[in-house]
Amino acid sequence: GKFGGGRIPYGYAWNPDEGWVIDGDQASIIRQIFNAYVSSGGSLRSIVRKLNQDGIRTPRNGQYWRDSAVRSLIRQPIYIGVYYGLRGKPNPQPQYTSLEEFMTIAREREWIEVPGIPPILVADDGLPDVPLWEAAQQKRLTNRHGGTGYRTLNWPLQGRLKCPQCGR
């Protein structure tokens, strides 16, 4: 096949003779990100902090990493060897927690499958590590709706009593 253009996903390179090939250095970073996020229980922010402290830059202009860049990598099923082209810019972005859900969305939206993508996330048995990828999707969506950030506390008398001295 031929490369259809666009941005080459982080962790890969396009070789006209071989097709999609894994970039070893970037693939190692992808594996670190997924393992830190799922296995070590890391947050997006802690992963970003580590990448930037280690001097690892994004492929785009060598910028510092941001939460959104890591979140975007975690969303991508290409890391388990599944890639679809001509997806456009769906708004809102489809939400999925499993490969099956992603494949259903791809069929419904008539995305075009790109074959021959070598997986970066590989289990001990040599197969794509779908459970690791799915665990990352579940954590991503769970954190989206109930992360560890600032929370408004609800107390039984909150908003009902005022301080007689300051009025608060």
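The values are calculated or read from the model by the stated rules, or taken from the named source; none is laboratory data. The structure displayed is predicted, hence computed values, not measured ones. For the accessible areas, the whole protein counts, side chains as well, though only heavy atoms, and no ligand, DNA or RNA atoms are used. Shrake-Rupley method; radii C 1.70, N 1.55, O 1.52, S 1.80 Å.
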For 50, 139, 162, give me the order by solvent-accessible area with a 1.4 Å probe, most accessible first, ignoring ligands, DNA and RNA. 162, 50, 139
Got the relative contact order for the stretch 10-62 handy, in percent, Cα pairs under 8 Å and 6 or more residues apart? 23 percent
Using amide H atoms built in the peptide plane, which far-off residues or other-chain residues are under 5 Å from residue 84 H to H? 114
Apply the Karplus parameterisation 6.51 cos²θ - 1.76 cosθ + 1.60, with θ equal to phi minus 60°, to every residue of the stretch 54-65 and state each ³J(HN,Hα) to the nearest whole Hz, in sequence, with x for glycine and proline. 7, x, 7, 10, 5, x, 8, 6, x, 6, 6, 6
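Determine the gain in length on full extension of the stretch residue 124-residue 18; use 0.36 nm per residue of separation and subtract their C-alpha separation, reporting nm with one decimal.
Values: separation 106, 0.36 × 106 = 38.16 nm, distance 2.50 nm.
35.7 nm is the gain from fully extending residue 124 to residue 18.
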Long-range amide H partners of residue 19, meaning residues 5 or more apart or on another chain whose placed amide H is closer than 5 Å, are none
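Pulled fully out, how much extra length does the chain show between residue 49 and residue 8, if you take 0.36 nm times their separation in residues and subtract their Cα-Cα distance?
Working: separation 41, 0.36 × 41 = 14.76 nm, distance 2.42 nm.
Full extension from residue 49 to residue 8 adds 12.3 nm.
Quick check: at a probe of 1.4 Å, how many percent of the accessible area of the stretch 60-137 sits on carbon and sulfur atoms? Let's see the in-between values first.
On the way: 2280 of 4560 Å².
That fraction is 50 percent.
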Suppose the chain between residue 141 and residue 162 were pulled fully straight at 0.36 nm per residue; how much longer would it get relative to their current alpha carbon spacing? 3.7 nm
